[in-house]
Ligand SMILES: [Mg+2]
């Protein structure tokens with residue numbers, strides 16, 4: 001079974017691209033990155049809907065595996081967000097790993113912002 005441990009980001013970028021080709025989305029499977037970025041935000045909102053109005057106890061239950069139906073819906077919306085992210089990176093030609101490592105370096109050396117979480 002394929003999973004995070006045995007599938008590269010390049011492979012996933014290519015699979016999303018092939019989906020776009022099969023569906024006839026964009027020009028030769030390449031959609032306008034502006035549209036992709038906007039769609040990513042819409043999907044992020046769909047993801048957030050599953051957290052809307054949860055009590056702290058609900059969040060704890062979710063984290064402890066006590067709400068598998070909600071977790072499945074969250075995972076599906078997360079996949080939508082990530083698929084658009086992969087598509088954006090492929091279309092604009094940036095390397096996701098390099099960008100994340102670069103950002104980790106930046107955040108790691110930045111003083112904490114006021115109000116940022118302590119844990
Ligand atoms: Mg969605």
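None of the figures in this text is laboratory data; all of them are computed from the coordinates on show. Here the structure is a predicted model, which is why all the values come from computation and not from measurement. Virtual Cβ from ideal backbone geometry, glycine too; neighbours counted across all protein chains shown.
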Inside the stretch 32-66, can you point out the residues that are closer than 13 Å to residue 88 by Cβ, free of Cβ contacts under 8 Å to residues at least 12 places away in the same chain and either within 15 Å of the ligand (Cβ to nearest atom) or surrounded by 11 or more Cβ atoms within 10 Å (Cβ to Cβ) (or both)? 32, 35, 38, 41
From the residues in the stretch 73-91 that are more than 10 Å from the chain's Cα centre (by Cα) and surrounded by 17 or more Cβ atoms within 10 Å (Cβ to Cβ), which one is nearest to the ligand (Cβ to nearest atom)? 74
Residue in the stretch 1-15 that is surrounded by 11 or more Cβ atoms within 10 Å (Cβ to Cβ), within 16 Å of the ligand (Cβ to nearest atom) and touching a residue at least 12 places away in the same chain (Cβ under 8 Å) present: no
Residues of the stretch 16-31 that turn out to be touching a residue at least 12 places away in the same chain (Cβ under 8 Å) and either over 23 Å from residue 95 (Cβ atoms) or touching a strand residue (DSSP E or B) at 6+ places or on another chain (Cβ under 9 Å) (or both), as a count: 2
